[in-house]
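Here the structure comes first, spelled out in structure tokens, and everything after it is commentary.
The values are calculated or read from the model by the stated rules, or taken from the named source; none is laboratory data. Computed from a predicted structure; not experimentally measured. Heads up, the Cβs are rebuilt from the backbone with ideal geometry, glycines too, and the neighbour counts pull from every protein chain shown. Side chains are part of the model used for accessible areas, which takes the heavy atoms of the whole protein and leaves out ligands, DNA and RNA. Shrake-Rupley method; radii C 1.70, N 1.55, O 1.52, S 1.80 Å.
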Amino acid sequence: MFNWYVGLLALSGVIMLALAAVRDGQSNTTRGIDAIFGAVYLGYAFYLAFLFDGDSYLIFFQAFILPVVMVVNFFRNRTPKPKLTDTQKAWRQYQKSAGRQ
């Protein structure tokens with residue numbers, strides 16, 4: 001059970017750091033929170049795997065709710081690329097050529 005916990009903590013940390021690295025569709029605050037929690041999870045997994053002496057430890061299964069919420073939030077906030085019709089494309093081109101944008 002201990003090895004699974006450490007592995008899942010490390011995996012959660014890596015996923016959150018990967019989410020923080022993606023700039024598309026996230027605010028800087030969200031990316032910062034992802035980076036901080038990802039580093040904390042990865043650091044705690046490193047501590048448990050390599051520095052922990054083997055006394056008692058607590059397993060917080062609630063710790064795995066945060067990565068799931070962050071992944072859901074990441075995909076929810078992504079803005080899809082607009083699918084423009086030919087008329088909309090022509091209008092945007094006209095606006096750019098007229099110097100309005």
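Quick notes on this one:
- Residue in region 33-46 that is without any contact (Cβ under 8 Å) to a residue 60 or more places away in the chain and not in a helix (DSSP H, G or I) present: no
- Residues of region 38-56 satisfying the condition of being surrounded by fewer than 10 Cβ atoms within 10 Å (Cβ to Cβ) and of a type outside the set (A, V, I, L, M, F, W, C): 53, 54, 55, 56
- Residues satisfying the stated conditions in region 57-76, i.e. farther than 28 Å from residue 30 by Cβ and either open to solvent by 90 Å² or more (accessible area, probe 1.4 Å) or of a type outside the set (Ser, Thr, Tyr) (or both): 58
- Among the criteria (1) open to solvent by 50 Å² or more (accessible area, probe 1.4 Å); (2) modelled with pLDDT of 90 or more, the one residue 1 does not fulfil is (2).
- Test: residue 49 is modelled with pLDDT of 85 or more and within 21 Å of residue 72 (Cβ to Cβ): no
- Residue within region 77-98 that is open to solvent by less than 90 Å² (accessible area, probe 1.4 Å), in contact (Cβ under 8 Å) with a residue 24 or more places away in the chain and either touching a Ser or Thr at 6+ places or on another chain (Cβ under 7 Å) or outside any helix (DSSP H, G or I) (or both) present: no
- Just one of the listed residues (24, 86, 53) is under 28 Å from residue 2 (Cβ atoms) and charged (D, E, K, R), and it is 53.
- Of all residue pairs spaced 6 or more apart or on separate chains, those with beta-carbon atoms under 8 Å, a first member in region 1-16 that is in contact (Cβ under 8 Å) with a residue 40 or more places away in the chain and a second member that is among the aromatic types (Phe, Trp, Tyr) are 2/57; 8/64; 9/41; 9/44; 12/41; 12/64; 16/37; 16/41.
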